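Novice: My questions all concern the structure below.
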């Protein structure tokens, strides 16, 4: 029954992918409770009705070391299995050099490092100035995890002080309450000083925008690639604003490190052709998201070339025969009664090139008003596909970029439920089929 259900589900996925113009892939690796390695691959594409579709291509066992050769063989096997090798627009992975080298050097696919992971690396590097306080906080949290009595007293304290929603682990405690909080229990570890409580409070405000961006770009129900440029600029702007505030010197150092990390790791993001075109195709941003005018102009030129290519294909396939019919029906006899009519028809035939026509359509799109950022860009394209028909074709091919490999992490979370401590003897081949059915029945 499992094999029959898997085969039927796989046929549906293959059929769904056959209509996809291009596919954005994400991949990541994971080790199960049974100490077995798995590699997950997800695919994301824009359907004919302009909705973002996501499918699990495979969560298969990965034997041996995670070398570039092994990762490459597994990746190629998966894409070949679904006939996608020539449809890959972009591959999103972590920043490990083994997979990056395999993709760029061998497959010649475009690669994008997981934005969420890169952002996390920036934050972790900045928090090296917070290690001593962080360790104290971890010790306190660990104490509450181990002591039921202390947790009970903390909850009672919050209730007695009018807390509307009590918390087992308090992430932010105002300085004015720190002394009362500390005398709740007596344990053998260092307490946080008033200054350290204040730094913790400040960092909650500093890191909140980073958490928001990570959450925003980790979604898979809508394309996130078009938001990379504007949200990176947003984080830099927030950091600049935070530096104007009278924060503690430790907090200011962390903000400066965050700013440096953003500039170092994302300095070239606007020059990415894939991200640039996706941003331009988003009716919420268009060229307004770019800080560099050069990058915006390059993205526009790239879009014009893509639209011109679509127009050239259309003329060859759809209008070539009609043009030939028109030209053969025109008479050259000066005494023909159709002479005047044929002369008028000939003079009114379009003389422009696909390139010039593409420039006109792209400029009309650029001149149209941007929509609210709360609106769905794909819903806008669904409604306006007949106004900008050739750009709409490009949208189906270039607007399916997801900015993180979080979809694979969600796969591993579900796989971890299947391979729990009491089911570690479950064969990998069955695990692959079970998670495939679980994810693709949800996404169908």
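Novice: Mind checking the angle between helix 249-265 and the chain's longest principal axis? C-alpha axes, 0 to 90 degrees, to the nearest 10.
Specialist: Tilt relative to the chain: about 30 degrees.
Novice: Hey, another quick one. Using a Förster distance of 22 Å, how high is the FRET efficiency between residue 76 and residue 51, based on the Cβ-Cβ distance and rounded to 0.05?
Specialist: 0.20
Novice: Rank these for me by crowding, 194, 28, going from fewest to most other beta carbons within 10 Å. Let's see the in-between values first.
Specialist: Details: 194 11, 28 24.
Least to most surrounded, the residues fall as 194, 28.
Novice: For the stretch 186-305, what is the convex hull volume of the alpha-carbon atoms per residue, in Å³?
Specialist: Numbers: hull volume 16.4 nm³, N = 120.
Considering the Cα atoms of the stretch 186-305, their hull volume per residue is 136 Å³.
Novice: Quickly estimate the mean residue ellipticity at 222 nm for the chain, helices only: each DSSP H run with n ≥ 4 gives -39500 (n - 2.57), and the total goes over all residues, rounded to 500.
Specialist: Values: 19 runs with 248 residues, N = 444.
Calculated at 222 nm, the ellipticity per residue is -17500 deg cm²/dmol.
Novice: Here's something else I'd like to know. Using only Cα atoms and rounding to the nearest 10 degrees, what angle (0 to 90) does helix 68-81 make with the longest principal axis of the chain?
Specialist: 50 degrees
Novice: Quick check on the exposure proxy: order 114, 204, 24 from fewest to most C-beta atoms within 10 angstrom. List each step's numbers first, then the result.
Specialist: On the way: 114 24, 204 12, 24 30.
Listed from fewest to most nearby Cβ atoms, that is 204, 114, 24.
Novice: Using R₀ = 60 Å, calculate the FRET efficiency as 1/(1 + (r/R₀)^6) where r is the Cβ-Cβ separation of residue 191 and residue 375; round to 0.05.
Specialist: Details: r = 50 Å, r/R0 = 0.83.
Result of the calculation: an efficiency of 0.75.
Novice: May I ask for the equivalent-ellipsoid semi-axes of the stretch 375-431, computed as the square root of five times each C-alpha gyration tensor eigenvalue and listed largest first in whole Å? The partial results should precede the final answer.
Specialist: Values: eigenvalues 350, 25, 17 Å².
In descending order, the three semi-axes are 42, 11, 9 Å.
Novice: What ranking do 222, 386 get, fewest neighbouring Cβ atoms within 10 angstrom at the top? Can you show the working numbers first?
Specialist: On the way: 222 15, 386 7.
The order, fewest Cβ neighbours first, is 386, 222.
Novice: Need one number: % antiparallel among DSSP beta bridges in the chain, to the nearest 5. Spell out each step's value before the answer.
Specialist: Values: 17 of 24 bridges.
Around 70 percent of the beta bridges assigned by DSSP in the chain are antiparallel ones.
Novice: Along its principal axes, what span do the Cα atoms of the stretch 123-267 show, with the longest given first and each in whole Å?
Specialist: Result, largest extent first: 49, 38, 26 Å.
Novice: Per the Kirkwood definition applied to all pairs of different Cα atoms, how many angstroms is the hydrodynamic radius of the stretch 119-172?
Specialist: Details: mean 1/r = 0.0773 Å⁻¹.
Taking every pair of different Cα atoms in the stretch 119-172, averaging 1/r and inverting gives 12.9 Å.
Novice: Right, next: Below 8 Å between Cα atoms, with a sequence gap of 6+, how large is the relative contact order for the stretch 123-267 in percent?
Specialist: Working: 83 pairs, mean separation 41.5, N = 145.
29 percent.
Novice: In nm, what is the difference between 0.36 nm times the number of residues separating residue 128 and residue 14 and their Cα-Cα distance?
Specialist: On the way: separation 114, 0.36 × 114 = 41.04 nm, distance 4.71 nm.
Full extension from residue 128 to residue 14 adds 36.3 nm.
Novice: Quick one: compute the contact order of the chain, relative version, from alpha carbon pairs under 8 angstrom and 6+ residues apart, as a percent. Please report the intermediate quantities before stating the final value.
Specialist: Working: 536 pairs, mean separation 116.7, N = 444.
Here the relative contact order equals 26 percent.
Novice: Among 106, 277, 307, which one shows the highest mean-square fluctuation when the chain is modelled as a Gaussian network with alpha-carbon springs under 10 Å?
Specialist: Maximum fluctuation in the GNM of the chain, among the listed residues, is at 106.
Novice: Express the Stokes-Einstein translational diffusion coefficient of the chain in µm² s⁻¹, to the nearest whole number, given a Kirkwood radius over alpha-carbon pairs, 20 °C and a viscosity of 1.002 mPa s. Kindly include the intermediate steps, with their values, before the conclusion.
Specialist: Details: Rh = 25.9 Å.
It diffuses with D of about 83 µm²/s by this estimate.
Novice: Moving on. Taking 0.36 nm per intervening residue step and subtracting the Cα-Cα distance, what contour gain separates residue 410 from residue 297 on full extension? Please report the intermediate quantities before stating the final value.
Specialist: Details: separation 113, 0.36 × 113 = 40.68 nm, distance 3.70 nm.
Length difference between fully extended and current span is 37.0 nm.
Novice: Now for a different question. Report the residues of the stretch 233-254 in range of a label on residue 216: point 7 Å along Cα→C-beta, backbone N strictly under 12 Å from it.
Specialist: Taking a point 7 Å out along Cα→Cβ of residue 216, the residues of the stretch 233-254 whose backbone N falls under 12 Å are 233-238.
Novice: In addition: Using a 7 Å offset from the Cα along the Cα-to-Cβ direction at both residue 342 and residue 236, what is the distance between the two label points in nm, to one decimal?
Specialist: 6.3 nm
Novice: Report the residues of the stretch 108-130 in range of a label on residue 249: point 7 Å along Cα→C-beta, backbone N strictly under 20 Å from it.
Specialist: The answer is 126-130, whose backbone nitrogens lie closer than 20 Å to the label point.
Novice: Provide the gained length on full extension for the span residue 120 to residue 1, in nm with one decimal, where the gain is 0.36 nm per separating residue minus the Cα-Cα distance.
Specialist: Working: separation 119, 0.36 × 119 = 42.84 nm, distance 4.26 nm.
Result for the pair: 38.6 nm of gain on full extension.
Novice: How big is the equivalent ellipsoid of the stretch 2-96 along its three axes, where each semi-axis is √(5λ) from the Cα gyration tensor, reported in whole Å from largest to smallest?
Specialist: On the way: eigenvalues 113, 56, 26 Å².
Taking √(5λ) for each eigenvalue gives 24, 17, 11 Å, largest first.
The numbers here are math on the coordinates, done by the rules we state, and not lab data. Since this is a predicted model, take the numbers as computed values, not measurements. All Cβ positions, even for glycine, are placed from backbone atoms using ideal geometry, and neighbour counts span all protein chains on display.
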